[in-house]
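S.K.: So that we are looking at the same thing, I have put the structure below in structure tokens.
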Amino acid sequence: MSRKEKKGKEGMKRRDFLKVLGVVGGTAAVAGSCSEPVEQIIPYVIPPENVIPGVPKFYTTTCRECSSGCGLVVKNREGRAIKVEGNPESPINMGKTCAVGQASLQGLYNPDRVRSPLVRNPETQRFEAAGWQRGEEILAEKLNSLGSGKIVYLSNDISGTYSKFVAEFLKPLRGKHYVYETFSHEPIRKANSIVFGRDEIPSYRIDKADYLLSFGADYLETWLSTVSNSIGHSKLRDIDHGKTGQIVHIEPRSGMTASNADTWIAAKPGTEQYLALGIANVMISKGLNKVAAGPVAKMVSGYTPEKVAALTEVSADTIEKIARDFTASKSLAIGGGAANTGSNATETMVAVNILNYLAGNIGETVDFSDPLSISGANTFGDMKKLVEEMRSGKVEILIVHNVNPVFTLPGELKVAEALEKVPFIVSLSAFLDETSEKAHLVLPESTNFESWGDYSPKKSVTGIVQPVMRPVFNTKSAGDTLISVSKNVEALKNAFAEKKYYDYLRGAWKERAAIIAPGTGFEKFWEDLVVKGLVTTTPAPVEVALSPKVSSVSFSDPKFSGEGSFHLIAYPSYRFLDGRGANKPWLQELPDALTTSVWDSWLEINPAVAAKMGLEDGSYVKVNVPGGSFEVQVFVYEGIRPDTVAIPLGQGHTSYGRYAKGRGVNPFALLPAATDALSGGLSLLSTKASVSSLRKRDLLVRTQYTKTQGERHVTKTVALDQLGHNGAHHGSEHSKHPDFYPEKEYSKYRWGMAIDLNKCTGCGACVTACSAENNIPFVGKKQIAKRREMNWIRIERFFEKNSDGSLDVRFLPMLCQQCGNAPCEPVCPVFATYHNHEGLNGMIYNRCVGTRYCANNCTYKVRRFNWYTYKFPEPLNWQLNPDVTVRSKGIMEKCTFCVQRISYGKDLAKDEGRLLRDREVMTACEQACPSDAIVFGNLLDEKSEASVLSEDERGYKVLEVVNTKPAITYLKKVKQERV
């Protein structure tokens, strides 16, 4: 027996007992005798200024996990950032966040970050630790000795002051800045240039539309600004006087976005342009267009519904119905989703633009006055040229900043080999990913939570980026690094007068302040800026007219390489995007919305094809494409055409960190460098694959293995035309049942919740937000395979059938129902779970002895048991919320309705001598939910939103027949006439 094991077996030592006794008293010492060994406690000797223990501080900043630029408010306790929320002042996300944003602090505290500068030893080819002085001297020497070769700065979208800074840094060196975003939506830009003479991506106002027609745009997942899109989706789903918006999604595969549409149309891959042209043809021929067709009439004249039906496998009646509905409403057509970018992607977007033009949507739901900053990113064609320049030795110095082209560019380009030809590579990235591993020098950047900056996601918005805590490791902001290096480079000695990037940033904002707020002193302006977190302007309206170039477009069939039987769709993951989020364990453990799979990749295949090939969920197959082959498990899925298979992007890392490395497969590595003919953008939908069974099967690890709800009626629906016929309340659905026991009485509060299934998209933001707020551990793939997941909320997903036999996907967030007649409470032998005076099913963790009777008796299976004392590797444990107990082995846990937030809110209200106001306290899931599907409140307050919604005619309680009296009311999903 080891010393460690012996110590654990013997229990607490006398010396440890006295340590605890001296700090918190004997009672806590006895309670702690079954806990972890005591560690040294270091109190504040000299408390920091402006820090009151137990009182949080909040800092505004801007999310940089993707190009959306959502505003954030970061909660800081005693110098540690512990929680991220959306900034209500931001017009981008209006206080909401996605799962990626909620997990962003796991990038700050990630144990696999580069902790200090590294330099590659030329003899061993291994990285060695180097101080900042040495690292910056090496870079300065290389810049001073720069020959006739080219210096390239390769970064993600950094629109704002830093973009200007990089330009000033490169100008004396005759360098070039490449902005690389894996999904930069070139076909949208090119089509707008052709149709309207504007080479940019406009703001698509889903929130203003009543009818949304999507041609493969996964607007709830990765298309443009997903949180903003989700907010618009929520407004479109509002029910007003028996009316609601309608969504039609056209794509060969039903992803999360298509699953939330009223109608999913599985058109033949690559033929969406013909469908759009057929709709336009009907609009013009029937006189439905609101704007004169002009040259467009001739372009679409040959695409009759009958001809288009033959090309797309979509019926002529469906085409005509869409055309009539599209013009009868305030509509919006969108397209350009990355997964559906084929050889004719720009042509498809031209056809989509024609629909918006004919329907009079330009200037209404399509806003060119406020273009997105991603419009300025370099094209995939530019990246191909850069790779060739590196391969031919024309690039002498490459500075890589927050991009990973080795992983995200197609394997056919052989980017890793091209990098070998670059004499000197510097990485400013925070992780040793596949690209940083090729560098000669790594000068790790501080994250956006540790540094100053700004970012402009669109013309009207610029968000400030400010440090919310001190750097976790020995890192510096990229701006500080380059300014420091410039002082020792001859060509850059006069480039920057500032010593810190913070000073440069303030100088840039002084110029802006004089224009934005001419009557305000700069210090006051700056203070207001960092408090509010952003500045907004109102762009002037722009005149948009049809360009003569539109007539030059001809429409062609899609082109595919390979001899296989299946079109291969490689789609971006809404959890990992292009792979950048794969090293965050909360995102790995967030179940995929449709498969509920975790920590892995999978191949989606149609049931008819699977049956023919003898495949089941978890069967291994070999997928052959022209670029090679890979082995992967199968998920049998009705939401995909028989001639198509699909696989998510983002997994398959060979480095990057312990949570990303060696999980799943990376389709990028085998994809060809195919391009869209007109824009030169990357064509992901360009490959045909053959699939063969490997005749072996294993468990495809998921959190839900059932696909239908049977006869349990967990998720319910109601027809739109049935609303308004049951009076003001539920009617029979809400009738009172006789009860042997008297009703429980509550004095001031009865906490409850209403969840609108018509708005819930299944995105999982609530799941990750709950984990971040309540210190929920991640357990890994092996434990989840044993059904030991720990998430307090799960998204139930069921595949049902519509009346016409089509797929009906339903999502339902399932959490503790805080039952008024809870079956978990009476079976606990030690009264660890109890019913409190505000209707919450409380948990007293230090009473729990782990019998698990409560979990066995829970009707909704929402209790979680700690099979181990799960660890948060240093410094991930810095994110733990000090207001929530960290549970240990043998303890049962569950949703508490964020009781710590309720207590904090009541303390503030008590100071003012009042009760809590409606929605003054928000649970973590409610606050994050981008579609506003969750409402929490006091059910005793008849005017509270939760109370009003609980009496809505769509309301019902899950499994109400068992008489648990849940405090959560679900609002039925609304079904309307399908196209």
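S.K.: Specify the residue that is nearest to Ile968 (Cα to Cα); the eligible residues are those in segment 833-856 that are β-branched (Val, Ile, Thr) and open to solvent by 50 Å² or more (accessible area, probe 1.4 Å). Step through it out loud before you land on a result.
M.R.: As a first pass, look at segment 833-856 and keep what is β-branched (Val, Ile, Thr): 833, 844, 849, 851.
Checking the rest, the ones that are also open to solvent by 50 Å² or more (accessible area, probe 1.4 Å) come to 849, 851.
Details: Val849: 28, Thr851: 27 Å.
So the residue we want is Thr851.
S.K.: Additional query: Which residue out of Leu482, Leu492, Leu443, Leu505 is of a type in the set (A, V, I, L, M), closer than 28 Å to Glu85 by Cα and more than 27 Å from the chain's Cα centre (by Cα)?
M.R.: Values: Leu482 fails: closer than 28 Å to Glu85 by Cα; Leu492 fails: closer than 28 Å to Glu85 by Cα; Leu443 fails: closer than 28 Å to Glu85 by Cα.
Of Leu482, Leu492, Leu443, Leu505, the one residue that is of a type in the set (A, V, I, L, M), closer than 28 Å to Glu85 by Cα and more than 27 Å from the chain's Cα centre (by Cα) is Leu505.
S.K.: Would you mind telling me which numbered condition in (1) without any contact (Cβ under 8 Å) to a residue 60 or more places away in the chain; (2) surrounded by 20 or more Cβ atoms within 10 Å (Cβ to Cβ) Leu670 fails?
M.R.: Unmet for Leu670, out of (1) without any contact (Cβ under 8 Å) to a residue 60 or more places away in the chain; (2) surrounded by 20 or more Cβ atoms within 10 Å (Cβ to Cβ): (1).
S.K.: Output the strands (runs of 3 or more DSSP E) that fall wholly within segment 202-310 and possess 1 or more residues being open to solvent by 20 Å² or more (accessible area, probe 1.4 Å) and touching a residue at least 60 places away in the same chain (Cβ under 8 Å), or say none.
M.R.: Working: elements: 211-215, 246-250, 263-265.
Counting at least 1 such residues, we get 246-250, 263-265.
S.K.: Can Leu332 be described as in contact with a helix residue (DSSP H, G or I) (Cβ under 7 Å, 6 or more places away or on another chain), more than 30 Å from Ser436 (Cβ to Cβ), open to solvent by less than 30 Å² (accessible area, probe 1.4 Å) and part of a helix (DSSP H, G or I)?
M.R.: Details: in contact with a helix residue (DSSP H, G or I) (Cβ under 7 Å, 6 or more places away or on another chain): yes; more than 30 Å from Ser436 (Cβ to Cβ): yes; open to solvent by less than 30 Å² (accessible area, probe 1.4 Å): yes; part of a helix (DSSP H, G or I): no.
When the stated conditions are applied, Leu332 does not pass them.
S.K.: Give me the residue from segment 592-613 that is out of contact with any helix residue (DSSP H, G or I) (no Cβ under 8 Å at 6 or more places or on another chain) and either in the same structural domain as Ala338 (by the TED database) or open to solvent by 10 Å² or more (accessible area, probe 1.4 Å) (or both) and, out of that set, nearest to Asp112 (Cα to Cα).
M.R.: In this case the residue turns out to be Asp592.
S.K.: Quick check on segment 168-183: of everything there that is surrounded by fewer than 24 Cβ atoms within 10 Å (Cβ to Cβ) and closer than 13 Å to Ile374 by Cα, which residue is farthest from the chain's Cα centre (by Cα)?
M.R.: Tyr178
S.K.: Only residues in segment 630-641 that are of a type in the set (D, E, K, R) count as the first member; pair them with residues that are assigned to a strand (DSSP E or B), Cβ under 7 angstrom, at least 6 apart or cross-chain, and list the lot.
M.R.: Between residues of segment 630-641 that are of a type in the set (D, E, K, R) and residues that are assigned to a strand (DSSP E or B), the close pairs are Glu631/Tyr620; Glu631/Lys622; Glu631/Leu694; Glu638/Phe799; Glu638/Leu807.
S.K.: A follow-up question, please. Sort out which residues of segment 519-535 are exposed (fewer than 11 other Cβ atoms within 10 Å of the Cβ) and part of a loop (DSSP other than H, G, I, E, B), and write them in order of number.
M.R.: Applying the first criterion (exposed (fewer than 11 other Cβ atoms within 10 Å of the Cβ)) to segment 519-535 yields 519, 521, 523.
Gly519, Gly521, listed by residue number.
S.K.: Taking segment 57-84 as the region of interest, how many residues are in contact with a strand residue (DSSP E or B) (Cβ under 7 Å, 6 or more places away or on another chain) and either open to solvent by 20 Å² or more (accessible area, probe 1.4 Å) or basic (Lys, Arg) (or both)? Show your work before the answer.
M.R.: In the first step, residues of segment 57-84 are kept if they are in contact with a strand residue (DSSP E or B) (Cβ under 7 Å, 6 or more places away or on another chain); the result is 57-64, 66-76, 81-84.
Those still in the list that are either open to solvent by 20 Å² or more (accessible area, probe 1.4 Å) or basic (Lys, Arg) (or both) too: 57-59, 64, 66-67, 73, 75, 83.
Selection size over segment 57-84: 9.
S.K.: I would also like to ask the following. Please determine whether any residue of segment 696-711 is more than 27 Å from the chain's Cα centre (by Cα) and not in a loop (DSSP other than H, G, I, E, B).
M.R.: Within segment 696-711 (the criterion being more than 27 Å from the chain's Cα centre (by Cα) and not in a loop (DSSP other than H, G, I, E, B)), the answer is yes, since at least one residue qualifies.
S.K.: Quick test for you: out of Ile265, Ile279, pick the one residue that is touching a strand residue (DSSP E or B) at 6+ places or on another chain (Cβ under 7 Å) and modelled with pLDDT of 95 or more.
M.R.: On inspection, the qualifying residue turns out to be Ile265.
S.K.: While we're here: Search segment 850-868 for residues that are acidic (Asp, Glu) and pair each with any residue that is open to solvent by 80 Å² or more (accessible area, probe 1.4 Å) when their beta-carbon atoms are under 6 Å apart and the residues are at least 6 apart or on different chains.
M.R.: Pairs that qualify, where the first residue is acidic (Asp, Glu) and the partner is open to solvent by 80 Å² or more (accessible area, probe 1.4 Å): there are none.
S.K.: Can you confirm whether Gly360 is within 26 Å of the chain's Cα centre (by Cα), farther than 30 Å from Asn144 by Cβ and not in a helix (DSSP H, G or I)? Steps first, answer last, please.
M.R.: Numbers: within 26 Å of the chain's Cα centre (by Cα): no; farther than 30 Å from Asn144 by Cβ: yes; not in a helix (DSSP H, G or I): yes.
No; evaluated as a whole, the condition is false for this residue.
S.K.: Test each condition in (1) over 22 Å from the mean Cα position of the chain (by Cα); (2) on the phi < 0 side of the Ramachandran plot; (3) without any contact (Cβ under 8 Å) to a residue 60 or more places away in the chain for Gln125 and report the one that comes out false.
M.R.: Result: Gln125 fails condition (2) only.
The values are calculated or read from the model by the stated rules, or taken from the named source; none is laboratory data. As the structure is a prediction and not an experimental result, all values here were calculated from the model. Neighbour counts are summed over all protein chains in view; Cβ atoms, including those assigned to glycine, are modelled from backbone coordinates with ideal geometry. Please note that ligands, DNA and RNA were not included when accessible areas were found on the heavy atoms of the full protein model with its side chains. Shrake-Rupley method; radii C 1.70, N 1.55, O 1.52, S 1.80 Å.
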